[in-house]
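Where a number appears in this text, it was derived from the coordinates with a stated rule and is not lab data. Every value quoted in this text rests on a predicted model; they were computed, and no experiment measured them. Heads up, the Cβs are rebuilt from the backbone with ideal geometry, glycines too, and the neighbour counts pull from every protein chain shown.
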Amino acid sequence: MKQPMKKCAMHFTAHALPVMCLLAISPFALSQAYPAKPVRLITQFSAGSSGDTLLRTFAQPFSDILGQQLVVENNAGAGGILAAQQVARSAPDGYNLLGGTSATQVIRRFMSKTMPFDPAKDFTPISQLIESTTVLVAAPSLPAGNLRELIAYAKANPGKIAYGTSGVGSEHHLSGEQITQITGAQMVHVPYKASLQALLDAAADRLPMTFAILSVAQPQVKAGKVRFIAVVGEKRSARLPDVPALAEAVPGFETPPSWVGILGPAKMPAPLLARISSDIIKAMNLPETRQKLEAQSLDVVASTPDEFAAKIRRQTELVAKIVKAAGIEPTE
């Protein structure tokens, strides 16, 4: 009776050992074999938009380094939900990536009554690509020559200065609320459907001031229709060394989330994640890539997965704090 059992055990071990070895090395083998076919980069940006241009600028050098084509697939609609859902439901094999934004991955969870996915659990942060440079600009008639004068005037004249944003709960609105919460200056928030319209109203002197992306605001500044008041951030921008950062006059101010990055489905194998992240960083740091993106007034970041994940966590805490203090309610 004992002999057959011994043979059976030996038979099992002889066959099971190779399988166990293959399972043990499968993540490494996967990263080495990857990619065996084109990779899809799914994004909420519509074709031809500035965000789409950004991702396509990145896609070509990344494809060259990766060794397979990165195909940008536009899945616009529902404020980024459709694209994010598509990736969240994909296998974590690196063939479906998300060209995501902070609006969808951070801010939306506070502005939507229902979320069809969990940004913290359903995605793997891979690398932040860029951060937008945002500025606060003023109409010619604003009775303040600089940021400190603006805050002093707003505190002395509560409710008499209005500022435009790209909507309730947007990163621009979060900047305005931070100024109010930290300094006590009472300003009137005027939400627009599009930040460009707010900028045009400021340029026409129908709105005292507004937040805007630098590349969009610059033509109006050069034309003398609006003027820079501050760069939204903790430090000055190298592009605008003479324009103070908001934190200089508002101690404790933190930059609200305004980024584009690459994310994958949850539970991506560590070796695969490291491979994709490394190739992204290489592509983003190529001189030609940086030059093209910086020409669009975009700050290249190219972070590691750990850095990106930590940033998302910190910004989620920041937005939660601002929204709670301001009493901002979900809009949809």
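Less than 19 Å apart at the alpha-carbon level, and either on another chain or at least 8 residues along: which lysines does that give for residue 292? Straight-line reach from residue 292, under 19 Å: 282.
Model label sites at residue 68 and residue 331, defined 7 Å from Cα along the beta-carbon direction, differ in position by 3.9 nm. Rg of the Cα atoms in the chain, relative to 2.2 N^0.38 Å, amounts to 1.21. Using the Cβ-Cβ distance between residue 60 and residue 215 with R0 set to 22 Å, the FRET efficiency from 1/(1 + (r/R0)^6) comes to roughly 0.55. For residue 113, the aspartates and glutamates whose Cα falls under 14 Å of its own Cα, not counting residues fewer than eight places away in the same chain, are 329, 332. Across the range 134-231, Cα-Cα pairs farther apart than 24 Å form 10% of the total.
For a 20 Å ceiling on Cα separation, which of these pairs sit above it: 121/267; 267/321; 155/222; 160/222? Pairs exceeding the cut-off: 267/321; 155/222; 160/222.
Residue by residue, the range 39-54 carries 3J(HN,Hα) couplings of 10, 9, 10, 8, 9, 7, 6, 6, 4, x, 6, 5, x, 5, 4, 4 Hz when phi is fed to the Karplus relation 6.51 cos²θ - 1.76 cosθ + 1.60 (θ = phi - 60°); x denotes Gly or Pro. Here the 3J(HN,Hα) profile of the range 234-249, calculated from phi with Karplus coefficients 6.51, -1.76 and 1.60 at θ = phi - 60°, is 8, 9, 5, 8, 4, 6, 9, x, 8, 9, x, 7, 4, 5, 5, 9 Hz, Gly and Pro shown as x.
In the range 134-231, Cα pairs under 8 Å separated by at least six residues give a relative contact order of 45 percent. Subtracting the Cα-Cα distance of residue 148 and residue 286 from their residue separation scaled by 0.36 nm leaves 45.8 nm.
Alpha-carbon geometry of the range 143-190: the Rg and the Dmax are 10.3, 28 Å, given in that order. Could you tell me how far the Cα centroid of the range 199-277 sits from the Cα centroid of the range 86-150, in Å? Distance between centres, Cα-based: 12 Å. In the elastic network of the chain, a GNM with C-alpha springs shorter than 10 Å, the most mobile of 75, 146, 157 is 157.
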